[in-house]
Amino acid sequence: MELKAGSRLKSAVCDTQVMVIAAPAGDVDLTCGGAPLVDVTADAPGGEIAADHKNGTQIGKRYVNEDATLELLCTKPGEGSLALAGTALTLKEAKALPSSD
Amino acid sequence: MNLMMLLEMASGAMGDRVAVQCDDDRFSHAELYAGAGRIAAFARGTAAEHLAVLDTSSPAVPLALFGSGWAGKPFVPLNYRLTGDELDALIERITPAILVADAERARQLSGRDGLEVVTREDFLAIARGDETPPDPDWQMEPEEIAILLFTSGTTGAPKAAVLRHRHMVSYILGSVEFMAAAEDDAALVSVPPYHVAGMAAVLSSIYAGRRIVQLPNFSADRWLDVARSAGVTNAFVVPTMLQRIVAELEQKGGEPPSTLRALAYGGGKMPLPVIDRAMNLFPPTVDFTNAYGLTETSSTIAVLGPDDHRVAAFNDDPAVKRRLGSAGKPLPGVEVEIRDEDGKPVPAGEPGEIWVRGEQVSGEYLGRGSLLVEGGWFPTHDGGFLDEEGYLYVQGRIDDVIVRGGENLSPGEIEDVLHDHPAVADCAVVGVPDEEWGEAVVAAVVPTGDASVEDLQAWVKQHLRSSRVPERIEFWDELPYNETGKLLRRKVREALGGAA
């Protein structure tokens, strides 16, 4: 699928919802729980969470690929885990910003 | 992208945590979410195209902010000190609109065409009603306008700064960690809702999960009282407020609130003596943060963090010590450049105009389009420089806008009013450094005959507002002009005690 920054997607097989912060151009093989994500407004096809994609997602955390060209913000947690072309995305380190507001 | 996403996440993960409290009134995140939904339903049932609030801080403000995002109508917080012609002009610009106001003002303003006036009490009652809130059906177009904030330029009527959903959301996501606050954290918000810092404080506190404690009318002793009684851990103030809080503590000999861990400030230049005294008065464990930003940049673009404050304050090396007066370093995702008059970047150490670029930068005014130039760069009209280490120093406006108490004042607007007075042949209004206000309004007047300072001050107060009244007026024989007839404000400012 082609990803656009700002677009919102959801898992087909669990409750996970994400917002795209950054994405590489072109076709992106993005999955959650082993299945491709769908637009947040679409009907979730349903199905089983793949056994090796079951580490879960956490609300408010960001997930990135190795070269950080893909960055997703989890807006709703779920049991499946996010992966790009089969490789699990990792948690982005939170920058400790002093609370300024 | 919509502001509501931030509240939806907060409500989902920490629904029962108190989101906002004002005196005895409280809303949890879940209640704020449901309330926003009911406000949206109400707003959608009217012909309003804007949702405006003309009131001091109360839970109506976050309800209106999020409710307007849900309904898809821009939120317009108006300066509650506005009266008469000034207010009428702004109302006209946003009609048809819903206007939330206190009971007295609601009475004065009701009956106008296209204006649905709701008292604060009724507004809160709608939010707390029985109806099921709508489904999460807010529109997700990032370009939709989230907030309109009126801000003054050098001349004329205020401009409406446009902040779209994508600006505010990217600012929050870029500077706040979700649920970073501990359960008993509480942020004291005493900046008014019509100031971008007031908007930023609401959004970041909710996303971080930090209880907002609203203080509608600031005074130093009330601030200290509320900070102590509400167990406040964080606070944001403009420099004038910190100066008063420090003065209050020094005069009364009291201890700073024991729960306070972090004090952030911004909105104008912090006088060095004030931050110095504050850092010596508060325990060394208190984190001080300077947040520099503009309405047009969705608030903060650069931050001088707590450790930078400590290193600078307790250091002998002058190059390090002076950093206490800096605005710190740009936020991640924000780029800052210093450019000369021709728009060319200058090397470190050299002064020029501060330009900024980033997702959170809007630089757009309603009806006037975008001020962003090639590459998405925005000229802030603030002068300054970057030192060798990348610390940003802000030196004051390069245009002639006066920044007093965190508020932008238009000298042209005050001059126009003075010109209308029969005793004024010519005048110039400038800002001069002031420890209490950052800048004070001062005027040079060429009188026609007899004129008194008191008369002219009363005149300005009558036609504008007390904050616009020149503190000092000097009577001159003439004002300095160049050959092309341009008023040389710099010379006036210098002569009246300001910077060149």
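The values are calculated or read from the model by the stated rules, or taken from the named source; none is laboratory data. Just so it is clear, the model here is predicted, and its values are computed rather than measured. Ideal geometry is used to build each Cβ from the backbone, glycine not excepted, and the neighbour counts take in all protein chains shown.
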When residue B:193 is run through (1) more than 13 Å from chain A (Cβ to nearest Cβ); (2) crowded, with 24+ Cβ neighbours inside 10 Å; (3) at pLDDT 95 or above, the failure sits at (3)
Pairs please, first residue from the range B:372-399 and more than 17 Å from residue B:362 (Cβ to Cβ), second anywhere and crowded, with 18+ Cβ neighbours inside 10 Å and basic (Lys, Arg), Cβ atoms under 6 Å, 6+ apart in sequence or on different chains. B:390/B:329; B:391/B:323
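Kindly provide the set of residues from the range A:1-31 that are among the basic types (Lys, Arg) and at pLDDT 90 or above, ordered by number.
If the condition is that a residue be among the basic types (Lys, Arg) and at pLDDT 90 or above, then A:10 is the only one that fits.
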Members of the range B:224-249 found to be closer than 12 Å to residue B:188 by Cα and outside any helix (DSSP H, G or I), listed by number: B:230, B:231, B:232, B:233, B:234, B:235, B:236, B:237
Could we say that residue B:394 is assigned to a loop (DSSP other than H, G, I, E, B), touching a Ser or Thr at 6+ places or on another chain (Cβ under 9 Å) and either among the polar types (S, T, N, Q) or crowded, with 19+ Cβ neighbours inside 10 Å (or both) here? no
I need the full set of residues from the range B:45-62 which are of a type in the set (Val, Ile, Thr) and crowded, with 22+ Cβ neighbours inside 10 Å, in order please. B:53, B:61
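This table checks each residue for (1) part of a loop (DSSP other than H, G, I, E, B); (2) assigned by TED's automatic domain parsing to the domain that holds residue B:381; (3) touching a residue at least 12 places away in the same chain (Cβ under 8 Å).
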site: B:321; (1), (2), (3): no, yes, no
site: B:338; (1), (2), (3): no, yes, yes
site: B:342; (1), (2), (3): yes, yes, no
site: B:348; (1), (2), (3): yes, yes, yes
site: B:353; (1), (2), (3): no, yes, yes
site: B:357; (1), (2), (3): no, yes, yes
Please enumerate the residues belonging to the range B:209-218 that are surrounded by fewer than 24 Cβ atoms within 10 Å (Cβ to Cβ) and either within 8 Å of chain A (Cβ to nearest Cβ) or under 15 Å from residue B:265 (Cα atoms) (or both). B:218
Qualifying positions in the range B:159-172 - part of a strand (DSSP E or B), of a type outside the set (Gly, Ala, Ser) and in contact with a Leu (Cβ under 6 Å, 6 or more places away or on another chain): B:162
Any chance the range B:334-357 includes a residue that's within 14 Å of another protein chain (Cβ to nearest Cβ) and either basic (Lys, Arg) or within 26 Å of residue B:262 (Cα to Cα) (or both)? yes
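When you check residue B:48 against the structure, is it assigned to a loop (DSSP other than H, G, I, E, B) and either under 22 Å from residue B:366 (Cβ atoms) or in contact with a strand residue (DSSP E or B) (Cβ under 6 Å, 6 or more places away or on another chain) (or both), yes or no? Let's see the steps before the verdict.
Values: assigned to a loop (DSSP other than H, G, I, E, B): yes; either under 22 Å from residue B:366 (Cβ atoms) or in contact with a strand residue (DSSP E or B) (Cβ under 6 Å, 6 or more places away or on another chain) (or both): yes.
Yes; evaluated as a whole, the condition is true for this residue.
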Could you tell me which residue of the range B:127-183 is farthest from the other protein chains (Cβ to nearest Cβ), considering only residues that are among the aromatic types (Phe, Trp, Tyr) and over 17 Å from residue B:77 (Cβ atoms)? B:138
In the range B:16-28, how many residues are at pLDDT 95 or above and surrounded by fewer than 23 Cβ atoms within 10 Å (Cβ to Cβ)? 8
Take residue B:289 and tell me if it is closer than 26 Å to residue B:162 by Cα, of a type outside the set (A, V, I, L, M, F, W, C) and touching a strand residue (DSSP E or B) at 6+ places or on another chain (Cβ under 9 Å). no
Kindly establish whether residue A:52 is more than 14 Å from chain B (Cβ to nearest Cβ) and either under 12 Å from the mean Cα position of the chain (by Cα) or closer than 23 Å to residue B:139 by Cα (or both). no
